[in-house]
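Down below is the structure, laid out as structure tokens.
The values are calculated or read from the model by the stated rules, or taken from the named source; none is laboratory data. These figures come from a predicted structure and were not determined experimentally. As a convention, Cβ positions derive from the backbone with ideal geometry for all residues, glycine included, and neighbour counts pool all protein chains shown.
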Amino acid sequence: MSPRSLLFVGIGKMGLPMAGHLHAAGHVVTVFDLSPEQGALAGARGLLVASDLAAALAEAPLVFSSLPDDAALLAVAESLAAAGRRGAVWVDTSTVSPEASRAAAERVAARGIASLRCPVSGNNGMAERAALTVFASGPRAAFDAVLPLLACWGPQQLYLGAGDEARYAKLAVNLLIAGTSTMLAEALALGERGGLEWRTLWQVVESSAAASPIVKAKAPALREHDYTPTFTVTQMQKDVSLIRAAAAALGVATPVADVAAAALAGAAAAGEAGEDYAVVIRDALASAHAGQAG
């Protein structure tokens with residue numbers, strides 16, 4: 001693969017390792033982030049750090065981004081529309097609403113910039129290990145052009161369509177993840193209150209037909225009651241909000257997402273917003289104990 005020159009906007013917990021893998025593959029990677037601390041971390045990895053976004057956009061034939069929300073996505077779209085290089089390709093990996101994604105794509109198209117929607121499935125640990133799955137949609141020619149770069153992030157890159165199909169794919173998968181945490185909370189509370197020892201209960205779960213990849217990935221920490229965040233309650237609340245809004249727009253009922261939203265809201269109200277979203281399991285256990293005591 002020939003070296004490419006690119007700009008990566010947003011180098012947080014996901015963006016930094018993703019940019020690092022592109023650099024490790026021999027590409028010339030310039031990064032931009034509003035946080036000086038993140039810029040310093042990027043520099044320590046050998047990445048070039050831009051101080052002026054408009055100037056960096058004007059030079060970049062490929063722009064990647066990993067952004068926290070709709071507002072940030074639309075802000076980058078505005079910057080690209082104003083200063084981006086005509087004929088460039090924009091590859092965005094964020095979890096955002098289909099509506100914001102569509103608006104951003106239309107905005108940069110006026111500049112002659114192709115928008116490739118490439119949200120990724122996996123957490124920051126998987127990003128560090130290059131074990132992400134990429135869901136891609138947008139212009140097929142743009143996908144084909146950047147596929148070797150997307151392959152730097154993990155073994156699977158799925159092209160799903162010419163529009164915002166990848167955004168819906170990411171929301172659908174995150175609905176399964178949020179629902180899994182609330183199902184685990186209920187199941188584990190039931191098993192523990194029924195007399196199963198905690199580690200034995202986890203052995204049962206991991207040996208069962210319900211032992212999905214996400215269950216197996218979370219099990220080592222949860223066996224130790226470790227809720228160090230890989231994805232926080234606040235982050236999952238944002239995603240569940242996007243899921244419910246997208247479903248409502250399409251006329252899809254969301255009883256599972258509604259239960260997950262309530263559990264996450266309870267965790268946030270209890271001061272657990274910065275803990276891993278799986279803390280709803282601990283909350284369910286505490287509630288079960290309190291109910292028995294009452």
(Q) Among the numbered criteria (1) more than 30 Å from A290 (Cα to Cα); (2) not assigned by TED's automatic domain parsing to the domain that holds P61; (3) not acidic (D, E), which one does G125 miss? (A) (2)
Q) Which of the residues that make up region 110-127 are surrounded by 21 or more Cβ atoms within 10 Å (Cβ to Cβ) and either among the acidic types (D, E) or in a helix (DSSP H, G or I) (or both)? A) A127
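Can you go through A136, A178 and tell me which one is in the same structural domain as D226 (by TED's automatic domain parsing) and surrounded by 19 or more Cβ atoms within 10 Å (Cβ to Cβ)?
Details: A136 fails: in the same structural domain as D226 (by TED's automatic domain parsing).
The unique qualifying residue is A178.
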Q: Test T234 against the stated conditions and say whether it is surrounded by fewer than 18 Cβ atoms within 10 Å (Cβ to Cβ) and more than 16 Å from T182 (Cα to Cα).
A: no
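Quick check, is G195 at positive phi, surrounded by 22 or more Cβ atoms within 10 Å (Cβ to Cβ) and not aromatic (F, W, Y)? Lay out the reasoning, then the answer.
Details: at positive phi: yes; surrounded by 22 or more Cβ atoms within 10 Å (Cβ to Cβ): no; not aromatic (F, W, Y): yes.
For G195, the condition - at positive phi, surrounded by 22 or more Cβ atoms within 10 Å (Cβ to Cβ) and not aromatic (F, W, Y) - is not met.
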(Q) Out of V252, V256, I need the residue that is more than 22 Å from K13 (Cα to Cα), surrounded by fewer than 18 Cβ atoms within 10 Å (Cβ to Cβ), in contact (Cβ under 8 Å) with a residue 24 or more places away in the chain and not small (G, A, S). Which one? (A) V256
Q.
Could you check region 258-294 and list, in sequence order, the residues that are at pLDDT 95 or above, assigned to a loop (DSSP other than H, G, I, E, B) and more than 18 Å from A187 (Cα to Cα)?
A. A270, G271, E272, A273, G274, E275
**Q.** Every residue from region 81-104 that is without any contact (Cβ under 8 Å) to a residue 60 or more places away in the chain, under 22 Å from the mean Cα position of the chain (by Cα) and buried (at least 22 other Cβ atoms within 10 Å of the Cβ)
**A.** V89, W90, V91, D92, A104
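Can you go through A189, A131, A151, A162 and tell me which one is crowded, with 18+ Cβ neighbours inside 10 Å and not acidic (D, E)?
Exactly one residue qualifies, and that residue is A189.
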Q: Please find, within region 155-169, the residue that is nearest to I243 (Cα to Cα) out of those that are in contact (Cβ under 8 Å) with a residue 40 or more places away in the chain and small (G, A, S).
A: A169
Q: Just one of (1) under 30 Å from R140 (Cβ atoms); (2) among the aromatic types (F, W, Y); (3) more than 24 Å from the chain's Cα centre (by Cα) trips up W198, so point out which.
A: (1)
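Quick one: would you say R107 is in a loop (DSSP other than H, G, I, E, B) and more than 17 Å from the chain's Cα centre (by Cα)? Let's see the steps before the verdict.
On the way: in a loop (DSSP other than H, G, I, E, B): no; more than 17 Å from the chain's Cα centre (by Cα): yes.
It is false that R107 is in a loop (DSSP other than H, G, I, E, B) and more than 17 Å from the chain's Cα centre (by Cα).
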